[in-house]
1. Sort out which residues of segment 227-244 are assigned to a loop (DSSP other than H, G, I, E, B) and over 17 Å from L164 (Cβ atoms), and write them in order of number.
2. Please verify whether K165 is under 14 Å from G109 (Cα atoms), touching a Ser or Thr at 6+ places or on another chain (Cβ under 9 Å) and buried (at least 24 other Cβ atoms within 10 Å of the Cβ), treating the condition exactly as stated.
3. Say we look at segment 247-268 and pick out the residues that are in a strand (DSSP E or B) and at pLDDT 95 or above; which of these is surrounded by the fewest Cβ atoms within 10 Å (Cβ to Cβ)?
4. If we keep just the residues of segment 30-73 that are surrounded by 16 or more Cβ atoms within 10 Å (Cβ to Cβ), of a type in the set (G, A, S) and not in a helix (DSSP H, G or I), which is modelled with the highest pLDDT?
5. Regarding S249, is this residue touching a strand residue (DSSP E or B) at 6+ places or on another chain (Cβ under 6 Å) and under 13 Å from L135 (Cβ atoms)?
6. Does any residue of segment 269-287 turn out to be under 18 Å from A56 (Cα atoms), in contact with a Cys (Cβ under 8 Å, 6 or more places away or on another chain) and either in a strand (DSSP E or B) or at pLDDT below 95 (or both)?
7. Please go through segment 177-213 and give me each residue that is among the β-branched types (V, I, T), touching a Ser or Thr at 6+ places or on another chain (Cβ under 9 Å) and over 15 Å from R141 (Cα atoms), ordered by number.
8. For the subset of segment 86-110 comprising residues that are of a type in the set (S, T, Y) and in contact with a strand residue (DSSP E or B) (Cβ under 9 Å, 6 or more places away or on another chain), which member is surrounded by the most Cβ atoms within 10 Å (Cβ to Cβ)?
Amino acid sequence: MTAPTPSPAGRGTGADAESHAAAPAPAPAAATDRPAERAELTADVFLATADHTLLAPGTTPAELDEFLRAARALGVARVCISPTLIEEATQALRSSPVQIVTVVGFPSGVHTAEVKAAEAAAAVADGAAEIDMVLNRGLVRAGDWGSVEAEIRAVRAAVPGRVLKVILESAALSDAEIVGACRAAEAAGADFVKTSTGFDPAGGASVHAVALMAQTVGGRLGVKASGGIRTPAAVRELWAAGATRFGVSGTAAILAGWAAPAAPAAADPAGGAAADPAANPDAGSAY
């Protein structure tokens, strides 16, 4: 079966459009979320496009509190955290403009569509503003685009009016599979496609994958690069390739090096920015 082609009407057509209209809409996306309106990549733009991330298993309340304090001090627009941390984070951020992003079907993507939809609905009820869902990679590799699109639609219907990102795990897919998954995400009403969970041994974001995703849906959907992004040089490379959002845990370190002379980012075998080989504070995550 060939990869799906989005309807001319774009995202949220038919019954989905009605459900979107019925829900309170979130704040409009920043201009930098759409490649057609890209700003110069300054430190402030990076902060506006960064999802400051803590997805380490076993995070304690004290560690979450420290993370949220740092997020407010850094001035990031969003934090990306595990679903079980949302309620506590919502209380801690109640007087802050920082929004909460969470993940569903994470990190394997093998949950049923019904479970992913229920997870997403519960996360929004707890205070999440954005949902990053992991695709079932087996369906993508099998070319079962109808089922791929159906599971995205199920999550889309569960969280009308909220930003929905679809995680492809691009390092584990062929170019044709990346293109097909991007088209399915667009046809099903997603707002972004995202490279990686940061937990798969295949790797994280690459310039090649981001460029391919941007060529496929850029200007209509945002492109979130995540996984192994640790330096300003890597951020700039991925931005130039078409990224409009970044999933990063080392936000403070990236900002600290922003004004330093730019050095070329180390290239991974797939042609993208490589992960820092230093020990990862996220205990197994490549964020």
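The values are calculated or read from the model by the stated rules, or taken from the named source; none is laboratory data. Given the structure is predicted, the values throughout are model-derived calculations rather than measurements. Note: ideal-geometry Cβ built from the backbone for every residue, glycine included; neighbour counts use all protein chains shown.
1. If the condition is that a residue be assigned to a loop (DSSP other than H, G, I, E, B) and over 17 Å from L164 (Cβ atoms), then G227, G228, I229, R230, T231, G242, A243 are the ones that fit.
2. no
3. Out of the qualifying residues, it is V248.
4. A50
5. no
6. no
7. V193, T195, T197, V210
8. Per the criteria, the residue is T102.
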